[in-house]
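Let me begin by presenting the structure, written as structure tokens, before commenting on it.
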Amino acid sequence: MAILQYASEAIKNLFRPPVTTEYPFRPFEYPEGTRGHVEITIDDCIGCGMCVRACPSSALSVDRLGGTWTINRFDCIACGYCVLKCPKKCLRMETGYQTPGPEKQAVLYTKSPEQLEKEKKQREEAAAKAAEAKRLMEEKKAAEAAKEAKEAE
């Protein structure tokens, strides 16, 4: 009896064109609103960690000094909060799905050596400026203290 229920559907399918005729020749077009997966332009990332704090599933991690950004694709729920919170807009939601692999693993993105060297120089310059400002402030305080001591005499 169950065969008769599906017989009409089978007969209709015999006379309709196949649904997958365009598959190998034209890529699948994802519908509007498909979340896909998160991708990053790592050299634009400043390592602020806003994406890590926004992630509800704790799938992201950032190492600012090492210049790395890690995502565990199996933990990511593709909500897009990290993309919304990124101040440099280096994160984006790609349509489609990531390439499947044989093992569950996190994907590690590392900045280029040139970018890491540039950021290291910027940190050193900022530290030198801060040290100079601190030295000038201490000299100013010492001069004011000497002036007050001279006036008190």
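Quick notes on this one:
- Every residue from segment 95-136 that is in a helix (DSSP H, G or I) and of a type in the set (Lys, Arg): Lys118, Lys120, Lys121, Arg123, Lys129, Lys134, Arg135
- Residue match in segment 26-36 (condition: within 16 Å of the chain's Cα centre (by Cα) and among the β-branched types (Val, Ile, Thr)): no
Residues checked against (1) among the charged types (D, E, K, R); (2) surrounded by 12 or more Cβ atoms within 10 Å (Cβ to Cβ); (3) in the same structural domain as Arg53 (by TED's automatic domain parsing); (4) at pLDDT 90 or above:
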residue: Cys79; (1), (2), (3), (4): no, yes, yes, yes
residue: Val83; (1), (2), (3), (4): no, yes, yes, yes
residue: Pro87; (1), (2), (3), (4): no, no, yes, yes
residue: Leu91; (1), (2), (3), (4): no, yes, yes, yes
residue: Thr95; (1), (2), (3), (4): no, yes, yes, no
residue: Pro100; (1), (2), (3), (4): no, no, yes, no
residue: Glu103; (1), (2), (3), (4): yes, no, yes, no
residue: Ala106; (1), (2), (3), (4): no, yes, yes, no
residue: Lys118; (1), (2), (3), (4): yes, yes, no, yes
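- Scan of segment 48-77 for residues that are modelled with pLDDT of 90 or more, in a loop (DSSP other than H, G, I, E, B) and aliphatic (A, V, I, L, M), ordered by number: Ala59, Ile77
- Pick from segment 29-47, criterion in contact (Cβ under 8 Å) with a residue 40 or more places away in the chain and in a loop (DSSP other than H, G, I, E, B), ranking: surrounded by the most Cβ atoms within 10 Å (Cβ to Cβ): Cys45
- Going through (1) of a type in the set (A, V, I, L, M, F, W, C); (2) touching a Leu at 6+ places or on another chain (Cβ under 6 Å); (3) over 26 Å from Cys45 (Cα atoms) one by one, Ala131 falls short only on (2).
- Given (1) in contact (Cβ under 8 Å) with a residue 60 or more places away in the chain; (2) not in a helix (DSSP H, G or I), number of the condition Arg92 does not satisfy: (1)
- When residues of segment 48-74 are limited to those that are polar (S, T, N, Q) and either touching a strand residue (DSSP E or B) at 6+ places or on another chain (Cβ under 7 Å) or crowded, with 17+ Cβ neighbours inside 10 Å (or both), the one nearest to Glu124 (Cα to Cα): Thr68
The values are calculated or read from the model by the stated rules, or taken from the named source; none is laboratory data. Remember, it's a predicted structure, so these values are computed and weren't measured experimentally. FYI the Cβ positions are ideal-geometry reconstructions off the backbone, even for glycines, and counts take in every protein chain you see.
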